[in-house]
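As structure tokens, the structure follows; a few thoughts come after it.
The values are calculated or read from the model by the stated rules, or taken from the named source; none is laboratory data. Worth saying up front: this structure is predicted, and the values here are computed from it rather than measured. Neighbour counts run over all protein chains shown; Cβ positions are idealised from the backbone, glycine included.
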Amino acid sequence: MDTTGSGLGRASAPAPAPTLAIERDASLGELNSFRLPATARLLVRVRSEADVRRLLADPECGRASKLVLGGGSNLVFSRDPRAVVLRVEVKGRRLVAERPDAWVVEVGAGETWHEIVAWTLDQGWPGLENLALIPGTAGAAPVQNIGAYGLELKDRFESLDAVDLVTGRTVTLDARACAFGYRDSVFKRAALDGGLAGKSLITRVRLRLPRPWQPVLGYLDLERKMAETGEAAPDARTIFDWVCAIRRAKLPDPARIGNAGSFFKNPVVSAEQCRDIIGRDPEIVHYPMPDGRMKLAAGWLIDACGWKGKSVGRAAVYERQALVLVNRGGATGAEVVTLARAIQESVYGRFGIRLEPEPVIV
Ligand code: EPU
């Protein structure tokens, strides 16, 4: 692909370290956004594909099971991981193609997602604005197919490079191979289920930003902003600012309050089950799906069970959004898991719905 010419940037990845940086008994407290205490027996910082191959050749790490860590924003350490922890720090951002239908940018998996959203906007390549302020790295974005305010990563995805953690070979995967679902992809599924969890490490992600740009405004919170401001045709920068304001108002900033975003997925039920629940709870927030089923707002279900502000030890349900569990300072993973189970039981008891956690529980 062309990487020269006007407007096309260059990769800015630093030269890889000649030897592997292995840390022993490394604290993971600052490497997970929930700030849960955990210790890695071995922690390896991966800055390039060459680092992955060095790792695979290493007698101690090569054959051990592996846990890939990005920004640690969708992970709950309920105990010390037994696997070797690979912290992905591959950098670089550049425009790789300027086509009539899209700009295609390539970013290192270790880049901070929100900085990439802001950078593309600054460069005049809009399209990611609805996904502003989502914590974590660019490499983690496809793992759980991040989504917010009517847009999902898969809607802006071109392809990614990943290194096979057994053979060391780099493969390029398109959207089909990534098998994106709602907060799900092949990278989240275990090998037993045909997935790639722990089997491959994403190094670079390519994003497709369609031309001409079109706003995505169908989400209720954005419609409210349009009504409030009287702005009927907001540009990408305005939508970016709105999304940042909406998120800051209802979601805790992980830099100040440890959390992993939404703790549960919004459950999907049959139209019949939904009618049954509406019969008993007419207020329930629900959205029709293209296949006729209904998606229910898990935050509403948890809120209706009276969980806002409740806690187990130092783990608590966030006061402004019941779907988010927070660390009030000093929480353990066990406390988070106990709180999550109690919420699941109470929602099941009242609504007959089993909530499924969104983050990966280690
Ligand atoms: N609600 C309540 N009480 C609550 C929380 C929510 O009644 O405590 C109601 C709200 O009033 C609203 C509905 O539930 O009517 C849905 O709430 P909201 O619009 O805040 O969105 P959400 O379904 O809770 C999802 C994503 C978020 C994403 C937002 C915006 C999931 C699991 N979560 O949350 O993603 O930012 O929509 O698109 O799909 C994340 O994945 O970590 C995440 C934060």
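Quick notes on this structure:
- Pick from the stretch 264-284, criterion surrounded by 16 or more Cβ atoms within 10 Å (Cβ to Cβ) and hydrophobic (A, V, I, L, M, F, W, C), ranking: nearest to the ligand (Cβ to nearest atom): PHE264
- Hits in the stretch 300-313 (condition: small (Gly, Ala, Ser) and within 18 Å of GLN273 (Cα to Cα)): ALA304
- Being touching a strand residue (DSSP E or B) at 6+ places or on another chain (Cβ under 9 Å), closer than 16 Å to ALA175 by Cβ and not small (Gly, Ala, Ser) is a property that does not hold for ILE134.
- Residue in the stretch 242-258 that is in contact with a Pro (Cβ under 6 Å, 6 or more places away or on another chain) and either of a type in the set (Val, Ile, Thr) or farther than 17 Å from GLY150 by Cα (or both) present: yes
- Single unsatisfied condition, GLY261 versus (1) at positive phi; (2) away from the ligand (no atom under 12 Å from the Cβ); (3) at pLDDT below 95: (2)
- Pick from the stretch 34-52, criterion assigned to a loop (DSSP other than H, G, I, E, B) and among the basic types (Lys, Arg), ranking: farthest from PRO359 (Cα to Cα): ARG47
- So LEU43, is it in contact (Cβ under 8 Å) with a residue 24 or more places away in the chain and touching a Lys or Arg at 6+ places or on another chain (Cβ under 7 Å): yes
- Of all the criteria given as (1) under 23 Å from ALA162 (Cα atoms); (2) more than 18 Å from the chain's Cα centre (by Cα); (3) crowded, with 18+ Cβ neighbours inside 10 Å, the one not satisfied by PRO59 is (3).
- Just one of the listed residues (ARG350, ARG275, ARG341, ARG354) is in a helix (DSSP H, G or I), among the basic types (Lys, Arg) and under 23 Å from the mean Cα position of the chain (by Cα), namely ARG341.
- If you go through the stretch 165-205 and keep only what is crowded, with 19+ Cβ neighbours inside 10 Å and closer than 20 Å to VAL104 by Cα, you end up with LEU173, CYS178, PHE180, ILE202, THR203, ARG204, VAL205.
- Any chance TYR348 is within 14 Å of the ligand (Cβ to nearest atom), modelled with pLDDT of 95 or more and under 25 Å from GLU283 (Cα atoms): no
- Count of the stretch 125-163 residues which are more than 18 Å from ARG189 (Cβ to Cβ), at pLDDT below 95 and among the polar types (S, T, N, Q): 0
- Restricting attention to the stretch 330-341, the residues being within 16 Å of the ligand (Cβ to nearest atom) and surrounded by fewer than 21 Cβ atoms within 10 Å (Cβ to Cβ) number 0.
- Inter-residue pairs, beta-carbon under 9 Å, first touching a residue at least 24 places away in the same chain (Cβ under 8 Å) and in the stretch 249-261, second exposed (fewer than 13 other Cβ atoms within 10 Å of the Cβ), 6+ apart: ALA249/ARG320; LYS250/ARG320; LEU251/ARG320; PRO252/ARG320; ILE257/GLY329; GLY258/GLY329; ASN259/ASP253
- Residues that are in contact with a helix residue (DSSP H, G or I) (Cβ under 9 Å, 6 or more places away or on another chain) and surrounded by fewer than 16 Cβ atoms within 10 Å (Cβ to Cβ) within the stretch 69-124 comprise just one, ARG79.
Yes or no, residue by residue, for (1) closer than 30 Å to ALA57 by Cα; (2) touching a Pro at 6+ places or on another chain (Cβ under 7 Å); (3) within 14 Å of the ligand (Cβ to nearest atom):
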position: PRO135; (1), (2), (3): no, yes, yes
position: ASP161; (1), (2), (3): yes, no, no
position: GLY168; (1), (2), (3): yes, no, no
position: CYS178; (1), (2), (3): yes, yes, no
position: ASP184; (1), (2), (3): no, no, yes
position: LEU192; (1), (2), (3): yes, no, no
position: PRO215; (1), (2), (3): no, yes, no
position: ALA227; (1), (2), (3): no, no, no
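- Meets criteria (acidic (Asp, Glu) and within 11 Å of the ligand (Cβ to nearest atom)) for ASP221: yes
- Condition met for ALA245 (aliphatic (A, V, I, L, M), surrounded by fewer than 17 Cβ atoms within 10 Å (Cβ to Cβ), within 14 Å of the ligand (Cβ to nearest atom) and modelled with pLDDT of 95 or more): yes
- Taking the stretch 91-186 as the region of interest, the helices (runs of 4 or more DSSP H) fully inside it that hold 2 or more residues being under 18 Å from GLY71 (Cβ atoms) and outside the structural domain of VAL68 (by TED's automatic domain parsing) are 113-123, 140-143.
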